[in-house]
Amino acid sequence: MNESKENKEGMTQRKEDNFSEWYTELITKSEFVDYSEVSGMLVFRPAAYFAWQTIMQAVDKELKANGVEDVYFPLFIPERLLKKEAEHFTGFKPEVAWVTETGNSKLEERLAVRPTSETIMYVSFAKWIRSWRDLPLRYNQWNNVVRWEFKHPTPFIRSREFLWNEGHSVFATQEEAEKERDFILGLYLRILKDYLALPGIPGIKSESEKFAGAVHSYSIEHVLPDGYAIQGPDFHLDGQNFAKAFDIKYLDANGEYKYAWQNTYAISTRELGVMIATHSDNKGLVMPPRLAYAQVVIIPILKKGSEKKVLKYAKEVKSMLGKFRVKLDDSTDYSPGYKFNEYELRGVPIRIEIGDKEVQENTITCVRRDTGEKTKVEKAKAEQEIGKMLDDIQASLYSKAEKLLKENLHVAFDYASLKKILAEKRGIVQAPWCGGAECEAKIKEETGAKITNIPFDQSAFKPDAKCVYCGKKATCVANFAKSY
């Protein structure tokens, strides 16, 4: 394959020069996703959907082990239900896509295409829950949702349709509901680290940034390489707001009717965008091994006269690596160099090169996608060494992402410093805040930065700190950032 062909099919944008253009080129040229005929809606190609399915299975396993059951509710929600909880409806109204007719007939009532499922689910919950014996009710559904308000969708990051889990729990007491928060946020943090190799900052949302209809919202926040923050998985303590709107009551052990306490929580396919934007480079995708569609690709280097011997050896190596997801590319349409570039573009964690020399030495040559490091491994130790290498790549990607987060985490104790950091460095700026909505709104208006969350880790807070904007006594340190 000639050099011009290889360059044409590889990456042309550089991550450090134009992050946005690099990202949009990356996701399609790597064959991770493709654009559909509907603006803002993606086609998940096998590698992307495999990664999402792996996340689904890992989350689902832990949820089920903790007593959560899977259900499925309809895609369409009658308008009257969406309006039942006023704050919730107002929060989602700009994003809702409506179905108004079928065939040649207009519907008597508009149907919302699911932006989230509280309203359709809670009508049923009100019917099913009668006494304290019916509680807790802890359900989860894996589905798609549509939110259409924004003009410039970004694949994964701000898609008009995305996939997620919707966890919906109903408890008899506030204490039980609050206890679930730590389990869910802990689960999401483990999944982010163990599968996506992503760190995040957990914390509580400010009143103005919380989920519409919730009493308190909690989130895990990321920082992308361009310095912009983005929200990851979240958990919402909904209190009794929906219970009162949908009449979800139970008869307690003393024979008294009481309103239930509810939670909602989710992790979405947005995380795939955060993952590939964080780890990938100018050659293409860099995939964490646990989410890689192929973990290892074997590329035989065939020379005239030794083809059969090299191919036989390559097949033996593949057979030895049966516990991993291995692809043997023995096609003859393209040169080994072209294949090297192709699998780097697709983010395969380890490339194994096998030629005459490897056969003679009874070895394999391994090349790591994340570092480009090349290592000779004895054939007999292939399974053991590949396993170690994949584990090391997973850990190394997390360490690198953690370093990126720390480098983009700043502290400011006065407004001038806050503005300077946001303008020159971006990232997340931890600054003392009085808790006042007016100060929060003014900072957002003047800098374009919002409070992403108030971190659980308040080690940057000083008891005598003054609010970064108004100068009054601060109550906490808040994370300010320009965000997607």
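Descriptive notes on the structure:
- Figure legend. Inter-residue proximity from the stretch 132-146: first residues hydroxyl-bearing (Ser, Thr, Tyr), second residues in a strand (DSSP E or B), beta-carbon distance below 8 Å, spacing 6+ or different chains. Indicated pairs: Tyr139/Glu69; Tyr139/Asp70; Tyr139/Gly167; Tyr139/His168; Tyr139/Ser169.
- Filter result (in a loop (DSSP other than H, G, I, E, B) and either hydrophobic (A, V, I, L, M, F, W, C) or out of contact with any helix residue (DSSP H, G or I) (no Cβ under 7 Å at 6 or more places or on another chain) (or both)) within the stretch 187-206: Ala197, Leu198, Lys205
- Residue list for the stretch 231-266, filter: at negative phi, open to solvent by 30 Å² or more (accessible area, probe 1.4 Å), charged (D, E, K, R) and not in a helix (DSSP H, G or I): Lys249, Glu256, Lys258
- Lys406, sole failed condition from (1) in a helix (DSSP H, G or I); (2) more than 21 Å from the chain's Cα centre (by Cα); (3) among the charged types (D, E, K, R): (2)
- Within the stretch 71-82, tally of residues that are within 25 Å of Ala177 (Cα to Cα) and open to solvent by 70 Å² or more (accessible area, probe 1.4 Å): 1
- Within the stretch 96-106, the set of residues being open to solvent by 60 Å² or more (accessible area, probe 1.4 Å) and either aliphatic (A, V, I, L, M) or closer than 23 Å to Glu166 by Cβ (or both) comprises Trp98 only.
- Considering residues of the stretch 332-357 that are in contact with a Lys or Arg (Cβ under 8 Å, 6 or more places away or on another chain) and closer than 16 Å to Glu307 by Cα only, the residue surrounded by the most Cβ atoms within 10 Å (Cβ to Cβ): Gly355
- Checking Val59, Val43 one by one, the residue that is surrounded by fewer than 15 Cβ atoms within 10 Å (Cβ to Cβ), hydrophobic (A, V, I, L, M, F, W, C) and more than 25 Å from Lys244 (Cβ to Cβ) is Val43 and no other.
- Subset of the stretch 440-456 [surrounded by fewer than 20 Cβ atoms within 10 Å (Cβ to Cβ) and closer than 17 Å to Phe413 by Cβ]: Thr447
- The stretch 132-167 - residue that is among the basic types (Lys, Arg), more than 14 Å from the chain's Cα centre (by Cα) and within 23 Å of Ala48 (Cα to Cα) and, of those, least open to solvent (accessible area, probe 1.4 Å): Arg160
- Screening Thr363 against (1) farther than 22 Å from Arg290 by Cα; (2) open to solvent by 20 Å² or more (accessible area, probe 1.4 Å); (3) in contact with a helix residue (DSSP H, G or I) (Cβ under 7 Å, 6 or more places away or on another chain) leaves a single unmet condition, (2).
- Candidate set: the stretch 421-439, residues that are over 21 Å from Ala229 (Cα atoms) and out of contact with any strand residue (DSSP E or B) (no Cβ under 9 Å at 6 or more places or on another chain); chosen: the one surrounded by the most Cβ atoms within 10 Å (Cβ to Cβ): Gly436
- Pair list, Cβ < 9 Å and 6+ apart or interchain, from the stretch 377-394 residues that are closer than 12 Å to Met320 by Cβ to residues that are assigned to a helix (DSSP H, G or I) and open to solvent by less than 30 Å² (accessible area, probe 1.4 Å): Val377/Ile386; Val377/Met389; Lys379/Tyr313; Lys379/Val317; Lys379/Glu358; Ala382/Val317
- All positions within the stretch 111-131 that are aromatic (Phe, Trp, Tyr) and open to solvent by less than 10 Å² (accessible area, probe 1.4 Å): Tyr122, Phe125
Let's see how each residue does on (1) open to solvent by less than 50 Å² (accessible area, probe 1.4 Å); (2) of a type in the set (S, T, N, Q):
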site: Arg369; (1), (2): yes, no
site: Lys374; (1), (2): no, no
site: Val377; (1), (2): yes, no
site: Ala380; (1), (2): no, no
site: Gln384; (1), (2): no, yes
site: Ala401; (1), (2): yes, no
site: Glu407; (1), (2): no, no
site: Ala416; (1), (2): no, no
site: Lys419; (1), (2): no, no
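Let's see how each residue does on (1) part of a helix (DSSP H, G or I); (2) farther than 14 Å from Val297 by Cα:
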{"residue": "Asp330", "(1), (2)": "no, no"}
{"residue": "Glu342", "(1), (2)": "yes, no"}
{"residue": "Ile352", "(1), (2)": "no, no"}
{"residue": "Lys357", "(1), (2)": "yes, yes"}
{"residue": "Val367", "(1), (2)": "no, no"}
{"residue": "Lys376", "(1), (2)": "no, yes"}
{"residue": "Lys381", "(1), (2)": "yes, yes"}
{"residue": "Gln384", "(1), (2)": "yes, yes"}
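The values are calculated or read from the model by the stated rules, or taken from the named source; none is laboratory data. Given the structure is predicted, the values throughout are model-derived calculations rather than measurements. Every residue, glycine as well, gets a Cβ built from its backbone with ideal geometry; the counts of neighbours run over all protein chains shown. Surface areas here come from the heavy atoms of the whole protein model, side chains and all, with no ligands, DNA or RNA. Shrake-Rupley method; radii C 1.70, N 1.55, O 1.52, S 1.80 Å.
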